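Derivation of every value follows stated rules applied to the coordinates shown; laboratory data play no part. Predicted, not measured: the structure shown is a model, and the values here were computed from it. Cβ placement follows ideal geometry from the backbone for every residue including glycine, while neighbour counts extend to all protein chains displayed.
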Amino acid sequence: MKTLAMLLLVLTTTASAAELRSRPGDPLKLPLGYVVLNEKSTLTRMHYVIDVPGIPAKLSEVAGINTTYSDRRYIWESTKDDVTVSEAVTALEVRFLLIDVFGDRIATLSATEVADIPADGQLYPNWRWNVRFDSEADAKSMHTTFGWVAQVRKADGTVVKANEAQVLQAIKPYLPSVKAADLAPKPADGEK
């Protein structure tokens, strides 16, 4: 029994943790032509990318979401992202958890790409979502994003899902209130 307990301890302590990378994004000040959203703000968005062990795909260093305004609507738009795969894949899902200036969840956005990507290949998507209910409050206050590859379908048909506990562990130091339910998109989060 002691041996089994030691083995379990070794297995749990040697499991790799998710790697977190960060970079500043665009300013919260957003010129709209006739008016400037957050005109008196000096805040800059912060983008975090989570690399989950076992997932054969990674978001680039610059991955994140910014607020734009187009066709009289607020849009959440991915930065100049790219996804690199280490194995051949046929589909992948990327998620972005959006946090406001007060540390509260705004939305979790999801983008699925169905494409044959060879091993060591890259995908250059341009993801866009309508800000839910065209909410100026959400458009103004979105400050921090956490992005990760949530799941991948490999060329052999195997589906690999990100370990939710590892994603939570990576986010918790920055957002202690985050829960597993926050990682999944909800119907009102954003229209793609």
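Values computed for the structure shown
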read-out	value
Length added when fully stretched, Ser135-Glu77, from 0.36 nm per residue minus Cα-Cα	19.4 nm
Glu164 paired with Leu123, simple spin-label distance in nm, labels 7 Å along Cα-to-beta-carbon	2.2 nm
Contour minus Cα-Cα distance for Val35 and Ala184 (0.36 nm per residue)	50.2 nm
Average Cα contact separation per residue, region 18-191, under 8 Å, 6 or more apart, as relative contact order %	26 percent
Longest exposed-site-free window of the chain, the sites being chymotrypsin sites (Phe, Trp or Tyr not before Pro) in a DSSP loop that have at most 10 other C-beta atoms within 10 Å	103-192
Cα pair distances of region 16-94 binned at 5 Å [whole percent]	3, 13, 19, 19, 15, 12, 8, 6, 3, 1
25 °C / 0.890 mPa s Stokes-Einstein diffusion coefficient of region 18-191, Kirkwood radius on C-alpha pairs, µm²/s	149 µm²/s
Spread of Cα-to-Cα distances over 10 Å intervals beginning at zero, given as percent, for region 98-192	13, 41, 33, 12, 1
Loop-exposed GluC sites (Glu not before Pro) per DSSP, neighbour cap 15 Cβ within 10 angstrom, longest uninterrupted part of the chain	62-192
Sequence-distant residues sharing a close amide H with Glu87 (under 5 Å, placed H)	Asp120
Residues whose placed amide H lies under 5 Å from that of Thr79, excluding near-sequence neighbours	Gly64, Ile65, Asn66
Helix axis angle, 2-14 relative to the chain longest principal axis, alpha carbon, degrees	30 degrees
3J(HN,Hα) from dihedral phi, region 153-169, Karplus parametrisation 6.51/-1.76/1.60, rounded to Hz, x for glycine, proline	9, 6, 4, 7, x, 5, 9, 10, 9, 5, 6, 4, 4, 5, 5, 4, 4
Residues with amide H under 5 Å from that of Ile106, placed H, sequence gap 5 or more	Leu98, Ile99, Asp100
Coil-residue trypsin sites (Lys or Arg not before Pro) of region 127-184, DSSP, other Cβ within 10 Å capped at 15	Lys179
